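Remarks on the structure that follows.
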Amino acid sequence: MLNRRTLLTTSLALGGAAMLPFSRAEAQALQSLQIFVPAAPGGGWDGTGRAIEQVMRAEKIMESFQFEHAPGAGGVVGLPKFMSSKKGQPNAVMVGGMVMVGAIIANKAPLKLTDLPPIARLTGEFEAIVVPAASPFKTMKDLVAAFKADPAKVSWAGGSAGGTDHILAGMIAKAVGVDPKKVAYVAFAGGGPAVAALLGNQVSCGVSGYGEFAEQVKAGKLRVLALSADKRQQGIDAPTLKEEGVDVELFNWRGVFGAPGITKEQQAALIGLFDKLNASAGWKAELAKRDWTGIYLSGDGFGKYIESEVTRITGILKDLGLAS
Amino acid sequence: MTIRPALPELFVGLGVLALAALVGWATAAIPQSTYARISPAAFPWAITAGLAALGALLTIEGLRGGWEHDEGTVLDLPGILWLGTGLAANLLLIDGLSIGETVILPRMGFIIASTILFACTARAFGSRRFLRDLAFGLVLTIVAYIGFDRVLGYQIGSGIIERFL
Amino acid sequence: METLGHLAQGFAVALTPINLMWALIGVAVGTAIGVLPGLGPALTIALLLPITTKVDPTAAFILFAGIYYGAMYGGSTTSILLNTPGESATIVTALEGNRMAKRGRAGAALATAAIGSFVAGTIGTIGITFLAGPVVDFALKFGPADYFSLMVLCFVTVSAVLGNSAVRGLTALFIGMFLGMIGVDNQSGQIRFAFGITELYDGINVIIVAVGLFAIGETLWLAAQPKVRDEVLDIKDSIWMSREDWARSWKPWIRGSLIGFPIGAMPAGGAEIPTFFSYSLEKKLSPKPEEFGHGAIEGVAGPEAANNASAAGVLVPMLALGLPTSATAAIMLSAFQSYGINPGPQLLESNPQLVWGLIASLYVGNVMLLVLNLPLVGLWVKMLKIPAPLLYGGILIFATIGSYGISRSVIDLILLYLIGIMGFFMRKFDFPTAPVIIGMILGPMAETNFRQAMTISNGDWSTFLTRPLSASLLALTLILLLGPKLHMFFRNRNPKPDHVPGDA
């Protein structure tokens, strides 16, 4: 069963801590970690949070955890809640990622990810471009040729418009010289329905996280044409987009952010925590089990990365007609 | 015999027309992305048209004497007021109310807010034992809170009492 | 037969005492959360995901499957008793079920729902066992154009719930479609009708609308009218189904199952659509159609069977191909991943013990649910004897948990109350409330599929006529629309001898 007792004592301890004078609460700050997930339980960000908890516990990096979920609109609902309710709290982190960068831009949210102290980029998932086994497209070059000839005749299945999959489709279009607005992008509610449309030969190709397709690829029902990774991946018989002459690289990355208003020392303490996590054997095992690529980057390096991502994604969303 | 317009129904018809106007106004504000084969505004325009036509038909029905509906029942004003108070209290207290940085009402949490809702509802339905109802409500909300929040892990709103459980 | 051998092995797994215990915990928890509006199996399983680090995969999936089936059972209870649907798939159940309860027939309604769920769950599980392959092949043939035509058919059949006046019924339907369009448009990424409120970007949860219209609307209605209120308190108590109830229930159970299972297996089919179909079909076939709207038992038996069979159908693409086509299935798949098991087309070969154990546990879970739920009928009916002040106080508390408690957003609570006030006025002016829900579910689905189809076909409208499935569905729609009129026409042309010619 779930460990109720730990859960209960954790909440008690936290409840107590909240009532202590500030200095004492700060002194025991990193006795526990509050993980704020701006999405519903069960999704990718929740999974990242749970994996952090599991490994940190097992590796004795941190004993007690408290989770809070605030789902909605790719994190745009949760972000302001995190910023106001956790202000100055040295032991609070928010899980977030590339999807949130896009959602903030597309939804014209007033708050920015760059307003938060960056802690660490943890994982990345590269995307794959696949076709049904019976498709006439044997290579990415075939697909690109048909796409350039008449973009309207090539339909792309993926997740919600404006999300990672759509962004990648737009980047590919731009890289091969087609107006991203002309991509015949068919948005499905998540990976499952998109894969179903591919298996039923309803669409020309699919673009999504490789994990969504992996098992169908192994079973020979779908064929991978290319990956958005920086290099070839072990165990996947497919070239990168760059190898196929499409100069695009994309990781759907996930990371953690600190609460606004914490001091440099407090930020450094949190970074130290995640440095330890990243160095542990348990984390490496977890990454392998979940098919995540570890692309660890912490502190200022991560901060700079987010800034460059904001610029890049703003550009492509503009090209897609989703940002102004 | 001349047909007299029925005012309440007339208002319903005009209300639906007003809704159609609101939907149309909001539809006009949907940004047009050229990439979509069928514009995201296409179905909303169809709904606007449908609501406008239906609103017009209802207005005409109202002008022609309305339709059969519940009339004659006497509204129990105290009942409505008690229930309204309970709902408003629940809404305002559960999360607290603050404008900007200023806290106007502190965050009371699920147990206090919903206990008040329970007692007010009971009063609205004719119960005269307010204290007993408060006690019932308190027990029910505490049991619900422990069951959902502590056992199943649903976070249903922590406040003043919750942190001592 | 090979399948039977596998199934026997599956039962050997499912019937071990420890796995029986997990199934029992699962169905009990599932029934409890199914009863409560807003709390669904998806969220519950997501919250229980950490359990995967503590128990072995077979046990975890038996638990999760129990929760899933249990929630489908439990969802009908509050629909019938309190007019407060626990799940969106049980909204239709509230239509006739609650009227039955108001006429003092809550026991019979709950019993036909429970037995119908058992029949449908079992038929569905048999379907998973023997027909998973062909059913999934058929389901994958449906493309967006075909789904759109299916929605058109559904729109035409739901005219059965439009109520006394077509104008008022359609107004309700259009209001529902408007509510359904609120939020970020999945196809274009544009925000529609959110009026700058970020909490609305993901749309309004249909359960909030259902609970607002039905439960809050009714509470306001009764609070405003002491006279009606006292009538409601007087509820007769008859516990069991009569011989006539059985006779009127068994065919809807089977028809509902046969509608629900294949639609549930379709990747974009969903659990609500089969309940709409079943409801209108039963209304058409019933020997007493005039009872519909006043508590017809067929209107409970059919849709309840349909929603449980569709729950089984959803498991077909998940187990056969590793495709999650509903929120619950997606979360169950993420549980597979935390075990390092990759669910896919080869799951059956790579983990036969797990899959067959899971399937066998579905049979076991169904029996447990029946045994658990039938005795509870008596207890549930007694709930109606709680004095109204306390009963409605309690309903409002659970409505609060179901709306605010899920998102912890006061916006949801405000919406719930506003929709409740709308429900009050709809009741006052004799507008039916069910079409609001139907419009809210069907409207956006039809729109999405239409736009997907048009993007795929490159703007060519003929795709709806050239695809065989789509064309057949549209033809069926046309027959339903024109059939009765043509029938009349030909009857009038060849009048029976006892009619005076020209009299018609």
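The values are calculated or read from the model by the stated rules, or taken from the named source; none is laboratory data. Note that the structure is a prediction, hence the values are computed from the model and not measured. Heads up, the Cβs are rebuilt from the backbone with ideal geometry, glycines too, and the neighbour counts pull from every protein chain shown.
Quick check on residue B:149: is it under 21 Å from the mean Cα position of the chain (by Cα) and at the interface with another protein chain (Cβ under 9 Å from one of its Cβ atoms)?
For residue B:149, the condition - under 21 Å from the mean Cα position of the chain (by Cα) and at the interface with another protein chain (Cβ under 9 Å from one of its Cβ atoms) - is not met.
Tell me yes or no: at least one residue of segment A:135-156 is within 22 Å of residue A:220 (Cα to Cα), part of a strand (DSSP E or B) and in contact with a strand residue (DSSP E or B) (Cβ under 9 Å, 6 or more places away or on another chain).
Scanning segment A:135-156, I find at least one residue that is within 22 Å of residue A:220 (Cα to Cα), part of a strand (DSSP E or B) and in contact with a strand residue (DSSP E or B) (Cβ under 9 Å, 6 or more places away or on another chain), so the answer is yes.
Residue by residue, here is whether (1) modelled with pLDDT of 90 or more; (2) farther than 26 Å from residue C:403 by Cα; (3) not in a loop (DSSP other than H, G, I, E, B) holds:
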position: B:19; (1), (2), (3): yes, no, yes
position: B:23; (1), (2), (3): yes, no, yes
position: B:56; (1), (2), (3): yes, yes, yes
position: B:68; (1), (2), (3): no, yes, no
position: B:112; (1), (2), (3): yes, no, yes
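So for segment C:175-188 (the condition being surrounded by fewer than 21 Cβ atoms within 10 Å (Cβ to Cβ), free of Cβ contacts under 8 Å to residues at least 24 places away in the same chain, more than 23 Å from the chain's Cα centre (by Cα) and on the phi < 0 side of the Ramachandran plot), does at least one residue qualify?
no
Here is a list of conditions, (1) at pLDDT below 90; (2) crowded, with 17+ Cβ neighbours inside 10 Å; (3) not hydroxyl-bearing (Ser, Thr, Tyr), and residue A:225 meets all of them except one; can you say which number that is?
Here residue A:225 meets the rest and fails (1).
Filter segment C:148-169 for residues that are over 23 Å from residue C:274 (Cβ atoms) and either outside any helix (DSSP H, G or I) or in contact (Cβ under 8 Å) with a residue 60 or more places away in the chain (or both) and give the result.
Within segment C:148-169, C:164, C:165, C:168 qualify.
Quick one: in segment C:154-171, of everything that is modelled with pLDDT of 80 or more and crowded, with 24+ Cβ neighbours inside 10 Å, which residue is farthest from the other protein chains (Cβ to nearest Cβ)?
Going through the qualifying residues, I end up with C:168.
If you take the residues of segment C:37-66 that are away from chain A (no Cβ under 13 Å) and hydrophobic (A, V, I, L, M, F, W, C), which of them is surrounded by the most Cβ atoms within 10 Å (Cβ to Cβ)?
Of everything passing the filter in segment C:37-66, C:62 is surrounded by the most Cβ atoms within 10 Å (Cβ to Cβ).
Looking at A:157, A:149, A:173, can you tell me which residue is surrounded by fewer than 24 Cβ atoms within 10 Å (Cβ to Cβ), over 16 Å from the mean Cα position of the chain (by Cα), not assigned by TED's automatic domain parsing to the domain that holds residue A:282 and not polar (S, T, N, Q)?
Checking each option against the conditions leaves just A:149.
What about residue A:169, is it more than 21 Å from residue A:307 (Cβ to Cβ) and part of a helix (DSSP H, G or I)?
Against the criterion (more than 21 Å from residue A:307 (Cβ to Cβ) and part of a helix (DSSP H, G or I)), residue A:169 qualifies.
Residues checked against (1) of a type outside the set (S, T, N, Q); (2) assigned by TED's automatic domain parsing to the domain that holds residue A:260; (3) buried (at least 24 other Cβ atoms within 10 Å of the Cβ):
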| site | (1), (2), (3) |
| --- | --- |
| A:100 | yes, yes, yes |
| A:107 | no, yes, no |
| A:132 | yes, no, no |
| A:164 | no, no, yes |
| A:189 | yes, no, no |
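Test each condition in (1) of a type in the set (Ser, Thr, Tyr); (2) more than 13 Å from the chain's Cα centre (by Cα); (3) buried (at least 24 other Cβ atoms within 10 Å of the Cβ) for residue C:90 and report the one that comes out false.
Going through (1) of a type in the set (Ser, Thr, Tyr); (2) more than 13 Å from the chain's Cα centre (by Cα); (3) buried (at least 24 other Cβ atoms within 10 Å of the Cβ) one by one, residue C:90 breaks only (2).
Please verify whether residue A:162 is in a strand (DSSP E or B), of a type in the set (Gly, Ala, Ser) and either at pLDDT below 85 or under 20 Å from residue A:240 (Cβ atoms) (or both), treating the condition exactly as stated.
no
Would you check which residues across segment C:297-353 are farther than 28 Å from residue A:220 by Cβ and either charged (D, E, K, R) or in contact with an Asp or Glu (Cβ under 9 Å, 6 or more places away or on another chain) (or both) and list them?
C:297, C:298, C:299, C:300, C:301, C:302, C:303, C:304, C:307, C:310
Quick test for you: out of A:128, A:173, A:196, pick the one residue that is farther than 28 Å from residue A:82 by Cα and out of contact with any Leu (no Cβ under 8 Å at 6 or more places or on another chain).
Checking each option against the conditions leaves just A:173.
Give the residues of segment C:281-324 that are within 14 Å of the chain's Cα centre (by Cα), of a type in the set (Gly, Ala, Ser) and either surrounded by fewer than 24 Cβ atoms within 10 Å (Cβ to Cβ) or closer than 19 Å to residue C:361 by Cα (or both), sorted by residue number.
C:309, C:310, C:311, C:312, C:313
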